[in-house]
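A quick write-up on the structure given underneath.
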Amino acid sequence: MGFGEQPVNLMPELMYQSSFGTMPNHSVYLDRLSGIFDQAKSIDRREEIKALTTTSNLFATGTNYSATSGSIPVLVPTVVDSQLYDVTFRATPLASGLLPRVTNAGLFADYVARTTLSTAKWRAESGALSSAESTYTRYAKAMSFCYAVGELSGPLMVASKVWQDALRIETEGQYRSLKELEENTIINGNPTSGDYGGSTTDAKAFIGLIQSITTNATTGSGTALITLAKLRDGIRTIREAKGDPDLIVTDYKTLDDIKGLIQDLLRYPAPTGSVSFGIETIVFEGVPIIPDLFMPTTATARELLILTVKKQGNIQLRVLQDATFEELAKTADTYKFMIKEYLTMIIVAQTWCYRYYALA
């Protein structure tokens, strides 16, 4: 640059050339109405091409599905896992076989128990023989009727097959809800008043184990923990009443308290590399202890039940009709169904059971 010359700003010219090359200024390079578009393909220019990514405008996320659904990709398809992850699952051990399920004809579980045995006596040879009688008592427990009702719209049933069959999934869910209600009632059934809605009372339910065991019931007053001595007392009391305890049911915290008592008495060999530590299952004096998620878990209100189940069929689930699927009337573009069962529970001798309640 010579003396007195002004500096030239070449930046605008370079920017123009980077987009349009050597095309003259004011050249029309795209006008579809006038048929000018092939010319754009033959333009000798350097054009920056940006790769499309999941964050590009073309792949922006949209929220039209619903106001609360969150963003979903517009151009990128999503693939839903074919498995349904059920985080509501709870085991129902008592309703699923630990208590015998016994067929029953008729609306009542009708049975007779010998409550007093006749007395035999030593007598003299050729002496007078007076008779003695046993005492018999007849009992009748009415059936209770349990229902789980489901309903799906026509469009849902058709559209759901893109993922899974909604009818199959909901049928399984309704059956599960029936079994959970049954398990809860087996333990907590208290037919006083009200409808079952997560509580333990239902005027139409049968009486559960907690309400049935009245003779042998010891309180922990909300402050006492279970002890091994209490377990032995309960088992001995049952056996002295002619029972034969074969199952203990409690909550997980009380079970952990028992594990803690046993843990202090255990001795492990010196480790050589690794030690498998802890207690997985407990059988106390020949009686297995199982936890049940439907047992009370409130602090100061936990319970432990020692049961005689098998002897003389002491505890039974009498079933008039087991869980049965049935379609209901169609009054709209929906498919309505129910799963129903008719059953009750009998305890022939509740004196063969023991209950510790109000445990800390």
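The values are calculated or read from the model by the stated rules, or taken from the named source; none is laboratory data. Computed from a prediction, not measured in an experiment: that's the story for all the values here. Glycine gets a Cβ as well: all are built from the backbone with ideal geometry, and neighbour counts include every protein chain shown.
Cβ contacts < 9 Å: first residue among the polar types (S, T, N, Q) and exposed (fewer than 10 other Cβ atoms within 10 Å of the Cβ), restricted to segment 105-124; second residue modelled with pLDDT under 95 and not in a strand (DSSP E or B), any location; separation 6+ or different chain. Result?
Thr119/Ala132
How many residues are hydroxyl-bearing (Ser, Thr, Tyr) and touching a Phe, Trp or Tyr at 6+ places or on another chain (Cβ under 7 Å) when one looks only at segment 322-360?
Looking only at that region, the number is 2.
Of all residues in segment 220-278 being polar (S, T, N, Q) and surrounded by 16 or more Cβ atoms within 10 Å (Cβ to Cβ), which is nearest to Thr115 (Cα to Cα)? It would help to see each step written out before you state the result.
Initial filter on segment 220-278 (polar (S, T, N, Q)): 221, 223, 227, 237, 250, 254, 263, 272, 274, 276.
When the remaining residues are screened for being surrounded by 16 or more Cβ atoms within 10 Å (Cβ to Cβ), the result is 237, 250, 254.
Working: Thr237: 18, Thr250: 29, Thr254: 34 Å.
Ranking the candidates gives Thr237 first.
Got at least one residue in segment 89-102 being over 23 Å from the mean Cα position of the chain (by Cα) and among the aromatic types (Phe, Trp, Tyr)? Outline the logic, then answer.
The first filter runs over segment 89-102 and keeps only residues over 23 Å from the mean Cα position of the chain (by Cα), leaving 102.
Okay, now just the ones that are also among the aromatic types (Phe, Trp, Tyr), so none.
For segment 89-102, residues over 23 Å from the mean Cα position of the chain (by Cα) and among the aromatic types (Phe, Trp, Tyr): absent.
Restricting attention to segment 237-260, which residues are part of a helix (DSSP H, G or I) and within 23 Å of the chain's Cα centre (by Cα)?
Tyr252, Lys253, Thr254, Leu255, Asp256
State all residues of segment 209-236 that are out of contact with any helix residue (DSSP H, G or I) (no Cβ under 9 Å at 6 or more places or on another chain) and part of a helix (DSSP H, G or I); if no residue qualifies, say none.
Ala229, Lys230, Arg232, Asp233, Gly234, Ile235, Arg236
Is one or more of the residues making up segment 91-105 touching a strand residue (DSSP E or B) at 6+ places or on another chain (Cβ under 6 Å), among the β-branched types (Val, Ile, Thr) and under 21 Å from Ile169 (Cα atoms)?
no
Any residue in segment 312-336 that is within 12 Å of Val149 (Cβ to Cβ) sitting within a Cβ distance under 7 Å of a residue that is β-branched (Val, Ile, Thr)? List the pairs, counting only those 6 or more apart or interchain.
Cβ pairs passing all conditions: Phe325/Thr171; Phe325/Ile339.
From the residues in segment 286-338 that are under 21 Å from the mean Cα position of the chain (by Cα) and outside any strand (DSSP E or B), which one is surrounded by the fewest Cβ atoms within 10 Å (Cβ to Cβ)?
Thr298
Any residue in segment 256-279 that's among the polar types (S, T, N, Q): show its pairings with residues that are not in a helix (DSSP H, G or I) at Cβ separation under 8 Å, as long as the two are six or more apart or on different chains.
Gln263/Ile279
Suppose we filter segment 135-172 for residues that are part of a helix (DSSP H, G or I), surrounded by 12 or more Cβ atoms within 10 Å (Cβ to Cβ) and touching a helix residue (DSSP H, G or I) at 6+ places or on another chain (Cβ under 9 Å); how many remain?
6
Yes or no: segment 194-208 includes at least one residue that is part of a loop (DSSP other than H, G, I, E, B), surrounded by fewer than 20 Cβ atoms within 10 Å (Cβ to Cβ), free of Cβ contacts under 8 Å to residues at least 12 places away in the same chain and more than 24 Å from the chain's Cα centre (by Cα).
Within segment 194-208, none of the residues are part of a loop (DSSP other than H, G, I, E, B), surrounded by fewer than 20 Cβ atoms within 10 Å (Cβ to Cβ), free of Cβ contacts under 8 Å to residues at least 12 places away in the same chain and more than 24 Å from the chain's Cα centre (by Cα).
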